[in-house]
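Notes follow the structure.
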Amino acid sequence: NALFMGTVTANAGVVVDNITIDGTEIDLSSGDLTLDVAGNIHLDGAGAQIKLLAGAVGQFGNLYTSSNHFYIKSHISDKDLRFEVNDSGSDLLALKLAGDGGHATFGGNVGIGITPAHKLSIFGTGVGNATVQIEGEGGADPYINFLANNTQHWSLGIDDSDSDKFKLSKHSALGTND
């Protein structure tokens with residue numbers, strides 16, 4: 001046993017069991033590392049970033065702040081950022097943010113202002129608070145396309161190429177079979 005009453009300097013690192021602490025690094029030779037504290041765990045870096053790395057993959061993610069905004073960033077090109085939840089013991093994909101174009105895919109119903117009962121539920125109180133706006137300019141037709149059984153299309157909207165007339169079309173786009 002050793003007892004130290006002051007600072008111990010070990011320029012070649014310190015080894016405790018299979019953990020080596022040397023300079024700016026803590027290495028574990030095998031297994032998992034658990035941080036178990038009675039209070040909170042604080043990660044505080046002056047660089048305002050927490051980089052997430054995994055062996056051969058390298059950096060796969062980043063948590064950071066910029067202009068007082070909190071960011072979560074995926075670093076693997078063309079791969080998704082996925083949010084999963086546990087629903088009665090089963091892991092379910094709740095939200096996928098695609099790395100190949102930036103679109104979002106929800107794993108279930110989507111509610112705006114309400115718990116959703118349908119694929120898309122929108123609720124608001126007061127004037128204009130339940131408004132959905134579809135806007136197009138420069139030749140873009142703002143319209144809604146309905147598709148039944150992957151064969152029959154109906155479109156409803158404004159045909160910009162026909163003096164902005166409101167149309168119902170038996171086709172996937174306005175201006176055909178109006």
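The values are calculated or read from the model by the stated rules, or taken from the named source; none is laboratory data. All of these numbers come straight from a predicted model, not from anything done at the bench. Ideal geometry is used to build each Cβ from the backbone, glycine not excepted, and the neighbour counts take in all protein chains shown. Surface accessibility is based on the protein's heavy atoms, side chains included, excluding ligands, DNA and RNA. Shrake-Rupley method; radii C 1.70, N 1.55, O 1.52, S 1.80 Å.
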- Within the stretch 1-34, the residues that are of a type in the set (G, A, S) and either under 18 Å from L53 (Cβ atoms) or at pLDDT 85 or above (or both) are G6, G23, S29, S30, G31
- Note on the structure: When the stretch 59-85 is checked residue by residue, the ones that are open to solvent by less than 60 Å² (accessible area, probe 1.4 Å) and over 22 Å from K96 (Cα atoms) are S66
- Starting from the stretch 34-60, keep only residues that are within 23 Å of S77 (Cβ to Cβ), then list their pairs with residues that are outside any strand (DSSP E or B) and among the aromatic types (F, W, Y) whose Cβ atoms are within a distance under 8 Å, requiring at least 6 positions of separation or different chains. none
- Note on the structure: Scanning the stretch 93-125 for residues that are surrounded by 12 or more Cβ atoms within 10 Å (Cβ to Cβ) and touching an Asp or Glu at 6+ places or on another chain (Cβ under 8 Å), the one modelled with the lowest pLDDT turns out to be G99
- Query: Taking the stretch 164-178 only, how many residues are touching a helix residue (DSSP H, G or I) at 6+ places or on another chain (Cβ under 9 Å) and either in contact (Cβ under 8 Å) with a residue 40 or more places away in the chain or exposed (fewer than 14 other Cβ atoms within 10 Å of the Cβ) (or both)?
  - Reply: 1
- Please enumerate the residues belonging to the stretch 23-57 that are assigned to a strand (DSSP E or B), within 26 Å of A12 (Cα to Cα) and open to solvent by less than 70 Å² (accessible area, probe 1.4 Å). D27, L28, A54
- Residue hits (the stretch 66-101; of a type outside the set (G, A, S), assigned to a loop (DSSP other than H, G, I, E, B) and closer than 21 Å to L52 by Cβ) are H75, I76, D78, K79, D80, D100
- Message: Condition first: in contact with a helix residue (DSSP H, G or I) (Cβ under 7 Å, 6 or more places away or on another chain) and surrounded by 13 or more Cβ atoms within 10 Å (Cβ to Cβ). Can you find one or more residues in the stretch 144-163 that meet it?
- Response: no
- Query: What are the residue pairs meeting all of these: first residue in the stretch 68-97, first residue over 27 Å from K119 (Cβ atoms), second residue among the hydrophobic types (A, V, I, L, M, F, W, C), Cβ atoms under 6 Å, and 6 or more apart or on different chains?
  - Reply: H75/F60; I76/F60
